[in-house]
Amino acid sequence: MLNLILFGPPGSGKGTQAEKLVAKYRLLHISTGDLFRYEMSHNTELGLLAKSYIAKGELVPDAVTIGMLRKRVEANPDVKGYIFDGFPRTVPQAEALDKLLVEKHQTISALVELTVDEDEIVKRILLRGKNSGRSDDNDESIVRKRIQVYRKETTPVADYYGQFGKSLTVEGIGSIEGIFKKLCKTIDNHVGRKA
Ligand code: C5P
Ligand code: MG
């Protein structure tokens with residue numbers, strides 16, 4: 001199985017690249033941001049709770065996010081692997097994910113980080129906000145807050161997987177196709193080396 005974490009700040013192209021990776025490696029794409037947006041669009045209890053954090057650019061509490069993720073993984077046991085997009089966002093989420101995978105006799109193959117500098121990210125997100133209908137993409141102060149939360153709470157996740165030699169980086173600047181090629185090469189090299 002190939003279990004990947006697609007990592008990087010908001011607006012680094014995780015969703016775009018995840019779709020392409022899914023098609024190539026036949027993995028199940030799990031985007032916790034998309035799952036929250038689905039719940040919010042249906043005004044579920046979980047959606048309303050998530051909205052109160054997302055609207056401020058803050059993280060939904062770990063227990064809520066981990067519970068939602070676990071449900072999604074357990075509902076899809078017969079897959080060739082998972083691609084986690086936007087999760088884990090904190091070290092406790094990473095520890096919970098590892099525990100869940102151990103129960104399934106699996107492990108994370110690699111965390112691949114898309115690196116993009118802050119000015120470029122803000123530009124991309126505000127542009128996306130014009131069409132996405134995402135209110136958290138439309139307000140520059142919320143966007144900056146999300147980046148700040150990413151730096152403080154989420155970047156330690158890359159160091160966490162780095163301890164196990166599983167953290168990889170790819171520059172997330174350039175054409176979608178060019179970045180995809182670099183991603184595939186980096187993943188294939190890593191998996192090949194380990195085999
Ligand atoms: O992953 P994405 O950028 O689409 O997530 C949008 C928002 O959803 C985040 O800014 C955050 O408020 C929330 N979120 C979260 N925990 C996650 C994933 C997303 O709190 N693991
Ligand atoms: Mg996304």
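A compact table of results
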{"read-out": "Max mean-square fluctuation residue, GNM over the chain, Cα-Cα springs under 10 Å, options F84, F180, F164", "value": "F164"}
{"read-out": "Amide H partners (placed H, <5 Å) of I108, local residues excluded", "value": "none"}
{"read-out": "Relative contact order (%) - criterion: Cα under 8 Å, at least six apart; region: the chain", "value": "31 percent"}
{"read-out": "The chain - mean residue ellipticity at 222 nm from DSSP helices (-39,500 (n - 2.57) per run, n ≥ 4, rounded to 500)", "value": "-17500 deg cm²/dmol"}
{"read-out": "Set of lysines with alpha-carbon distance to K185 below 22 Å, sequence-local pairs under 8 removed", "value": "K14, K20, K24, K80, K166, K194"}
{"read-out": "Percentage, to the nearest whole number, of Cα pairs in region 136-195 over 15 Å apart", "value": "67 percent"}
{"read-out": "Within a Gaussian network of the chain (alpha carbon springs, distance under 10 Å), most fluctuating of L114, L21, L49", "value": "L49"}
{"read-out": "Binned Cα-Cα distance frequencies in the chain - 5 Å width, integer %", "value": "1, 7, 16, 21, 22, 18, 11, 4, 1, 0"}
{"read-out": "Selected from Q93, Q148, Q17 as most flexible by GNM, with the chain as the system and alpha-carbon contacts under 10 Å", "value": "Q148"}
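FYI, it's all coordinate maths here, none of it is from the lab. Only a predicted model underlies this, so the values are computations on that prediction, with no experimental measurement involved.
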